[in-house]
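Written below as structure tokens is the structure these notes are about.
What follows draws every value from the coordinates through simple rules; no lab data is involved. It should be emphasised that the depicted structure is a prediction, and the values quoted were computed from it without experimental measurement. Glycine gets a Cβ as well: all are built from the backbone with ideal geometry, and neighbour counts include every protein chain shown.
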Amino acid sequence: MIRDVLRMGDPRLWQPSAPVKRFGTPELESLLQDLRDTMAAQTGAGLAAPQIAVPLQVVIFGVEKSARYPDAPPVPYTELINPVLTPLSDEMEDGWEGCLSVPGLRGVVPRYTELRYEGFDGQGAKIAREVSGFHARVAQHECDHLLGILYPMRMRDFTRFGFTDIVFPELADAAAD
């Protein structure tokens with residue numbers, strides 16, 4: 001089912017999420033399906049459970065080709081529960097981000113360039129990957145939602161924050177972030 005995506009300012013987005021305690025349940029599968037349906041309907045690169053008002057440590061992400069990020073390499077579709085992110089170096093890189101909870105805006109956010117993420121899939125199978133670049137950025141962005149953090153809270157320079165159609169006029173025909 002397609003769910004409403006909470007927008008910045010809704011206090012539910014600032015709350016830390018609870019870990020999932022039981023895997024392979026109909027309730028968890030229903031949540032994952034709602035996340036899939038909602039992300040597809042919004043043509044997003046990722047979505048976290050808190051964005052649809054479910055305060056659990058569940059994120060999904062993945063994109064083959066995105067109108068919002070036309071130069072980004074593909075990111076494999078992933079369902080990640082109770083994630084733990086570990087930077088693999090101190091190197092960070094600035095990059096433009098948007099968010100379904102911050103529609104129509106983009107900002108430059110520093111993120112670790114390489115990291116390891118670990119967690120579980122919906123059935124409780126362990127996931128562990130080392131990733132870099134856009135894949136690492138997407139994972140960090142989505143997992144921030146589980147901590148009650150939206151990307152503007154990570155920004156250092158608000159002169160690099162603005163409406164997508166102004167900052168990236170070539171993306172004006174793409175769906176709003």
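Observations on the model:
- Dipole of the chain, positive direction: furthest Cα of Met153, Phe23, Val167, with charges on the beta-carbon: Phe23
- Cα centre as origin, Lys/Arg/Asp/Glu Cβ charges: the stretch 92-157 dipole, Debye: 60 debye
- Using the Cβ of Ser132 as centre and a radius below 11 Å, the other residues enclosed give a net charge of 0, where K and R count +1 and D and E count -1.
- Each of the trypsin sites (Lys or Arg not before Pro) that DSSP puts in a loop and that has at most 13 other Cβ atoms within 10 Å breaks the chain; the longest unbroken stretch is 66-155.
- Nearest 10 degrees, 0 to 90: helix 26-42 Cα axis against the chain principal axis: 20 degrees
- Tail weight of P(r) past 23 Å, computed on alpha-carbon pairs of the stretch 34-148, percent: 22 percent
- Mean projected area of the Cα convex hull of the stretch 1-76, taken over all directions, amounts to 5.6 nm².
- Relative contact order (%) - the stretch 11-168, alpha-carbon pairs under 8 angstrom, separation at least six: 25 percent
- Distance (nanometres) between label positions extended 7 Å along Cα→Cβ at Ser132 and Val167: 2.5 nm
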